[in-house]
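The values are calculated or read from the model by the stated rules, or taken from the named source; none is laboratory data. Everything numeric in this text was worked out from a predicted model, so none of it was measured. Note that each Cβ is placed from the backbone with ideal geometry, even for glycine, and that neighbours are counted across all protein chains shown.
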Amino acid sequence: MTDQSPTQSSYQAEYERSMRDPEGFWGEAAEALHWDRRWERVLDDSRVTPDAPFYHWFSGGQLNTCFNAVDRHVEQGRGDQPAIIHDSPVTNSKTVITYAELKDQVARLAGVLRGVGVGKGDRVIVYMPMVPEAAVAMLACARIGAIHSVVFGGFSARELATRIDDAKPKVMVAGSCGIEPNRIVAYKPLLDAAIEAAAHKPEHCIILQREQGPCDLIPGRDLDWASTVADATPLDCVPVEATDPLYILYTSGTTGQPKGVVRDNGGHAVAMTWSMKNIYGMAPGEVFWAASDVGWVVGHSYIVYGPLLYGCTTIFYEGKPVGTPDAGAFWRVIEEHGVSVLFTAPTAFRAIKRDDPNAEHLKRYDTSKMRALFLAGERCDPDTLAWAGDNLGVPVVDHWWQTETGWAIAANCIGIEPLPIKPGSPTKAVPGYDLQVLDDQGGPVAAGDIGRIMIKLPMPPGCLPTLWNNDDRFIQSYMSVQPGYYLSGDAGFIDEDGYLFVMSRIDDIINVAGHRLSTGGMEAVLSSHPDVAECAVIGVADQLKGELPLGLVVLKAGVGRGVEEIGPELVKLVREQIGPVAAFKTVLVVERLPKTRSGKILRGTMKSIADGKEYRVPATIDDPAILAEIETALSKAGYAHH
Ligand code: COA
Ligand code: AMP
């Protein structure tokens, strides 16, 4: 650890105030925004019962998120300031959009949406690559009170169809293609296939044609973005209830059916604005860069809403940390656009470190404007943390959060007071979060002991009020294990100094290159193959991506073909059904899978074996001999090395 902080730190004071007086704390934070009608209650718990843990923030208040993120800044003199910089090494182009230009584009697209019948509360699915038009589409929805749902471009048509059927969008907004370093990804065939497969049929698709991969439009259904926007009448912002949904973002749950995380307007805008200053230490006018994708929660919160609500310039980077063209790409962007704070996933730094271990590329660039690096999305290994800190010479802040919360639960709030860094820890609970580690019976654990990481209700503004159209799943997934607490799904401990350590998931979620995926979802795909009798997918440790999925399958009796033929079929199936982002590339055929006497597959034990870790033979195992068979199969395939 570095220097000690004063005993009564301002972090401590802020944290305690947020616990003692949440209404005073968040009511004060909300003053930073423009409200069309002031709230009646900061924290509305009037309808909360033990069976219905539905808290609402800023009830009675009205505002418009788009007005606060765009128009307000134009009115306050930021019209000429860059709002979005699109830096796209994959198309060799750079574009700057000022706040005034952004307002015009958003107001026009809002006009197009209204023209095709989209109104308050209607859903719009956005399926786009990392182009500024993705933000324009999100903000245009917010402008008219429609609810957007952005779907990541690396997902398959089937995943898109699932989301269409759940969100039931009136309109889709899509790009004609995305650009990966090794190929053009045609989005339009995926969009068409998804609409074909879905039971719900959106009325219209607004298509952004990209010159790298234009597409055919279906007359009557599809509209060309450029020409319709050019002809559209710009629309003003419509006030919405603070508690109205701003967006739905689907994330992996423990089944193949993703969870539609809902975000409200008021609490979200307050939390985003507060976090930009207090967590990230930003000031309006500065440049913030979240190197992620708009399809993930990081993209929603810190490529689009956070920086824009706070009057910063945000960067849309359409490229990779390495290979576009080299491991100096991040340093170039930082120098060229004067980035103050960079936010990315540890995997990006592992990729850079792998290609350029001595950080030679860094010598070519001036990164002196950068004040801090924030990492999240997966556990940050201390080596990567040290490499980044030593080479960049700035604090490297690991922070922990989830799609559900929308912003950091634990962080080093450098805008309040930088605390000493402990490698391996995302530091302490952020003000607003009553973070606790509980045992299986719901009792507190001693400092340093591992348990379930829970958040005592109410959660602060910005966190999910529920799941889309599914209050029951919301309660059952997050609130039923321990009434009065939110179950994060992560396990870990809090040490004697109050520092959190996040160690693992307690469910079947794995984290591949900072992307959250359900192994249960992949198992469902493998099981659908006619030759597969049963299967298990586990996340095995990977030096670059943190974890990679590995499929273990048992073939049906009498299947004459082996893994050489069936393996590639299964890999293709997961790619088609879930998407390339699953990075599912390895299948092993085994004779049997280890199970408990009650028939539960011992995935955790197989994962320990694959990772070469010590493991205990579970007392409930049906046939311990199977573990030796699995160890042999894994070791032949290059795993299970101690
Ligand atoms: N549209 C279509 N396909 C996409 C896609 C998109 N938007 N994004 C990724 N894919 C594809 C990739 O092309 C790749 O396909 P392949 O199997 O044909 O090679 C696959 O999905 C896996 O992609 P990715 O996880 O990005 O792996 P990679 O090997 O291409 O790159 C890293 C590895 C580490 C460089 C990359 O994961 C990265 O930059 N990570 C940064 C972290 C990040 O953005 N995290 C998000 C949460 S903060
Ligand atoms: P997502 O909802 O995609 O943001 O994924 C959230 C999950 O990623 C968390 O529940 C954790 O399992 C993991 N995660 C995110 N940030 C961190 C972190 N800083 N340290 C450890 N795990 C993390």
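Results, tabulated for the structure shown:
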item	result
Some residue of segment 275-290 being in contact with a Gly (Cβ under 8 Å, 6 or more places away or on another chain), within 16 Å of ligand 2 (Cβ to nearest atom), under 30 Å from Glu523 (Cβ atoms) and in the same structural domain as Pro22 (by TED's automatic domain parsing)	no
Residue ID - surrounded by the most Cβ atoms within 10 Å (Cβ to Cβ), chosen from residues in segment 313-368 that are among the β-branched types (Val, Ile, Thr) and within 11 Å of ligand 1 (Cβ to nearest atom)	Ile352
Unmet requirement for Phe374, which otherwise passes all of (1) within 16 Å of ligand 1 (Cβ to nearest atom); (2) within 30 Å of Ala242 (Cα to Cα); (3) in a loop (DSSP other than H, G, I, E, B)	(3)
Cβ pairs under 9 Å, 6+ apart, first in segment 170-181 and within 22 Å of Cys141 (Cα to Cα) and assigned by TED's automatic domain parsing to the domain that holds Trp225, second of a type in the set (D, E, K, R) and part of a strand (DSSP E or B)	Lys170/Arg123; Val171/Arg123
Unmet criterion (only one of (1) within 16 Å of ligand 1 (Cβ to nearest atom); (2) among the small types (Gly, Ala, Ser); (3) out of contact with any Phe, Trp or Tyr (no Cβ under 7 Å at 6 or more places or on another chain)) for Ala146	(1)
Segment 520-547: number of residues that are within 16 Å of ligand 1 (Cβ to nearest atom) and either polar (S, T, N, Q) or not assigned by TED's automatic domain parsing to the domain that holds Gly562 (or both)	1
Considering residues of segment 468-493 that are more than 27 Å from Gly27 (Cβ to Cβ) and touching a helix residue (DSSP H, G or I) at 6+ places or on another chain (Cβ under 9 Å) only, the residue nearest to ligand 1 (Cβ to nearest atom)	Gly489
Every pair of residues 6+ apart whose Cβ atoms lie under 7 Å, when the first sits in segment 117-145 and is under 19 Å from Asp71 (Cα atoms) while the second is acidic (Asp, Glu) and not in a helix (DSSP H, G or I)	Gly145/Asp244
Condition check for Ile97: surrounded by fewer than 24 Cβ atoms within 10 Å (Cβ to Cβ) and of a type outside the set (Lys, Arg)	yes
Segment 553-587, subset outside any helix (DSSP H, G or I) and surrounded by 19 or more Cβ atoms within 10 Å (Cβ to Cβ), residue farthest from ligand 1 (Cβ to nearest atom)	Leu555
Residues being assigned to a loop (DSSP other than H, G, I, E, B) and in contact (Cβ under 8 Å) with a residue 40 or more places away in the chain - total across segment 304-328	7
Flag if Trp331 is more than 16 Å from ligand 2 (Cβ to nearest atom), in a helix (DSSP H, G or I), in the same structural domain as Ile414 (by TED's automatic domain parsing) and of a type in the set (A, V, I, L, M, F, W, C)	no
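Listed here are the residues, each with its yes/no results for (1) out of contact with any Pro (no Cβ under 7 Å at 6 or more places or on another chain); (2) more than 16 Å from ligand 2 (Cβ to nearest atom); (3) small (Gly, Ala, Ser).
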residue	(1), (2), (3)
Gly521	yes, no, yes
Pro530	yes, yes, no
Gly539	no, no, yes
Gln543	yes, yes, no
Leu555	yes, yes, no
Gly567	yes, yes, yes
Gly579	yes, no, yes
Val590	yes, yes, no
Leu593	yes, yes, no
